[in-house]
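Just below is one structure, and these are the notes that go with it.
All of the numbers you see were taken from the coordinates with simple rules; none came from a lab. What you see is a predicted model; the values in this text were computed from it and never measured. Cβ atoms come from the backbone with ideal geometry, glycine included; neighbour counts cover every protein chain shown.
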Amino acid sequence: MLRILLLGTGPFAVPSLQSLHASQHEVVCAISRPPRGRKPLPAPVQLAAEELGIEVWLPETVNSDEARGKLASYDADLLVVCDYGEILKSSTLASARLGGINLHGSLLPKYRGAAPVQWAILKGDQETGNTIIQMTPGLDAGPCLAIQRIAIDPDETSAELEPRMANLGGQLTLQVVDQLAAGTATPLEQDKALATKAPRLTKEQGLIDWSQPACQIKNQVRALQPWPRAYTHWCRSNEDPLRLIVHRVSIEESFDTPQLTSSGKIVNVDSQLLVATGDGFLRLEEIQPAGKRKMSAEDFLRGQSVQVGDQLS
């Protein structure tokens with residue numbers, strides 16, 4: 001049995017916490033980032049730990065001398081880190097007998113960084129996975145202890161894929177912890193030449209460029225769920241453009257137009273909202289006008305005078 005300190009903040013870490021708590025190992029404390037923002041709310045890991053009766057600690061940083069002293073006081077065997085939000089220094093990792101391991105949502109060394117799930121979908125990957133690494137001070141750069149491959153459904157959004165990966169990752173975390181306890185874990189160094197980055201997404205990346213191929217725009221819409229979300233503007237005659245958040249789209253394979261159509265032009269409003277792209281056509285299935293609720297394209301068309309030839313930009 002290992003004494004474990006779990007460091008996690010977001011929802012991706014919750015299944016690992018639950019899996020370890022239900023095992024033979026002891027989670028002696030769950031360490032999470034303190035709530036922030038104008039209306040601070042407890043993080044998912046904090047809520048999950050409190051529900052399980054696990055001690056919670058919310059330090060501003062775990063890398064200070066004071067924090068490292070408290071970490072050492074737990075006499076932990078292992079730090080388990082997932083979706084935490086702070087890079088741990090070598091001296092912090094050394095506060096546990098076996099150092100630290102990290103569950104990361106990609107097939108490392110691909111997509112090192114804060115948004116690996118989103119970037120996998122954005123790039124059109126058909127497969128992703130979870131990797132558990134032995135932690136070093138570098139960003140997601142430590143030796144791999146386990147890799148779990150996961151297929152991506154062609155219509156799956158980040159909001160749908162990430163919880164599925166988290167649940168599978170919780171099982172993988174326990175598997176590796178068991179191996180560490182038994183002394184059978186085998187580290188494998190990453191190939192640094194294959195490393196790619198997955199930085200946090202920005203709101204600006206949500207703006208749709210209709211000159212891109214239909215498949216790329218679909219990937220953008222899928223990847224940016226639930227944040228920052230893809231959006232465009234409907235240019236209306238004699239009115240200001242209306243911002244539209246695009247929640248779900250599909251590629252239209254059968255539509256045929258006898259004339260060249262510029263990117264972003266609405267080409268069909270007959271019970272569907274069909275838009276020309278740089279290569280192919282996209283059917284907008286779920287959208288959200290500024291200040292309104294999310295709705296189907298059919299409901300939007302019934303309430304708005306959308307015309308063939310209107311421009312999205």
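Miscellaneous remarks
- Qualifying residue in the range 152-173 (condition: in a strand (DSSP E or B) and within 16 Å of the chain's Cα centre (by Cα)): no
- In the condition set (1) of a type in the set (G, A, S); (2) touching a residue at least 40 places away in the same chain (Cβ under 8 Å); (3) more than 18 Å from L172 (Cα to Cα), S106 is compliant with all but (3).
- Residues of the range 264-307 classified as surrounded by 11 or more Cβ atoms within 10 Å (Cβ to Cβ), assigned to a loop (DSSP other than H, G, I, E, B) and touching a Leu at 6+ places or on another chain (Cβ under 9 Å), total: 6
Let's see how each residue does on (1) loosely packed, with under 14 Cβ neighbours inside 10 Å; (2) over 16 Å from the mean Cα position of the chain (by Cα); (3) part of a loop (DSSP other than H, G, I, E, B); (4) touching a residue at least 40 places away in the same chain (Cβ under 8 Å):
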position: V176; (1), (2), (3), (4): no, yes, no, yes
position: L180; (1), (2), (3), (4): no, yes, no, yes
position: A185; (1), (2), (3), (4): no, yes, yes, yes
position: Q190; (1), (2), (3), (4): no, yes, yes, yes
position: P226; (1), (2), (3), (4): yes, no, yes, yes
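- Only residues that are assigned to a loop (DSSP other than H, G, I, E, B) and crowded, with 22+ Cβ neighbours inside 10 Å were counted across the range 97-114, and they come to 4.
- Qualifying residue in the range 208-220 (condition: among the hydrophobic types (A, V, I, L, M, F, W, C), part of a helix (DSSP H, G or I) and within 15 Å of P116 (Cβ to Cβ)): no
- Only residues that are more than 17 Å from V28 (Cβ to Cβ), part of a loop (DSSP other than H, G, I, E, B) and of a type in the set (D, E, K, R) were counted across the range 45-96, and they come to 4.
- Residue count for the range 1-13 satisfying the condition of being of a type in the set (V, I, T) and crowded, with 24+ Cβ neighbours inside 10 Å: 1.
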